[in-house]
Amino acid sequence: MTGYHRTARLTLFLLLILLLGLVCLSAPAIARTTFVSIGTGGTGGIYYPYGGGVAEIWSKHVKGVKAVAEVTGASVENVKLAHKGETVVGEVMGDVAVAGFNGTSKFKGKKHDILAMAIMYPNLLQVVTLKKSAITSLEQVVGKSISTGSPGSGTNFMAEAVLKALGVSLDSYKDSRLSFTESANALRDGTIELGVWSVGPGTSSILDLATTHEIRILGFTEAQQQQILAANSTYAAVDLAGGVYRGVDQAVPTIGVWNVMICQKSLDEELVYKLVKALYENNDYLVKIHPSAAYTTPDNAVKYSPIPLHPGTIRYLKEIGVAVPAALMP
């Protein structure tokens, strides 16, 4: 090949590279999709449908975001998943959020890098037996087969905290640690005598159980409530309204705790701002999925968040005129 031909080919090659560069510059940029995973819980509670509704809102109303709700072991696991970056957002009971943030209890001295995005709704402790059971008080579980909720769940965390506060040793009963749906089925089958739920009232697994069997939801005396509250500052004495479940017509005194939506501490402020804005401004859709979402309001975020808020949430709250107390600043 002559020098002339080599020069001609090199010139042609450079022209092609220049042309490709011009084409790339003139082509529309491909939008980057941000994937947001939401750690929820089992399918028999409220976390999963609530999280599914949130995912729909974010995917539809936040440009460039694709969100999905994931079935998980619930609160304790969700804190760990968010901390490790295996999820972006987690639905968590307030007592578990505090323990994860401070590195106490089941988190064994390791502080987790989480902040609050929003307050969801209050959970009520619902201790369920069949009406024919001889158990009428939680202290009577000694020697019995029960379920305090699945491992890694907020229900299991709260049930054990309540039992400890009442002086019941955790090795004094046989604990199957089942999911909500599994607990309902085990009560039907007689393989457990008592199941514990920490969930918003009107959860599907208890509703379904009450359609086939007569149930009893154990109440707490005022003295029991005071014992529990003395040991756990994030809890409150509340009533489960009568008429929520078939055959449970009178209000039942119990214990409540707020649920909080957490996220990774390092999550981009602009992204969190957009997610929180879309959540609050489309809350009417979430309420259609479950009425408990009526509690998901900006005012409740500053009233009930048990841990500091993410800067993206604070930015939105300030924008709409909601004052954020110093204790909730990260």
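Listed values, structure above:
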| item | result |
| --- | --- |
| Pair list, Cβ < 7 Å and 6+ apart or interchain, from the stretch 71-91 residues that are surrounded by fewer than 24 Cβ atoms within 10 Å (Cβ to Cβ) to residues that are modelled with pLDDT under 95 and among the hydrophobic types (A, V, I, L, M, F, W, C) | none |
| Residues satisfying the stated conditions in the stretch 51-71, i.e. among the β-branched types (V, I, T), touching a strand residue (DSSP E or B) at 6+ places or on another chain (Cβ under 8 Å) and either outside any helix (DSSP H, G or I) or within 23 Å of M158 (Cα to Cα) (or both) | V65, V68 |
| Members of the stretch 168-181 found to be free of Cβ contacts under 8 Å to residues at least 40 places away in the same chain and either out of contact with any helix residue (DSSP H, G or I) (no Cβ under 8 Å at 6 or more places or on another chain) or of a type outside the set (F, W, Y) (or both), listed by number | V168, S169, L170, D171, S172, K174, D175, S176, R177, L178 |
| Number of positions in the stretch 210-228 that are under 23 Å from G41 (Cβ atoms) and touching a strand residue (DSSP E or B) at 6+ places or on another chain (Cβ under 6 Å) | 5 |
| Scan of the stretch 141-167 for residues that are free of Cβ contacts under 8 Å to residues at least 40 places away in the same chain and under 19 Å from L124 (Cβ atoms), ordered by number | A159, E160, L163 |
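The values are calculated or read from the model by the stated rules, or taken from the named source; none is laboratory data. Remember, predicted model here, so these are calculated numbers, not experimental data. For neighbour counting, all protein chains shown are included, and Cβ atoms are generated from backbone atoms with ideal geometry for every residue, glycine included.
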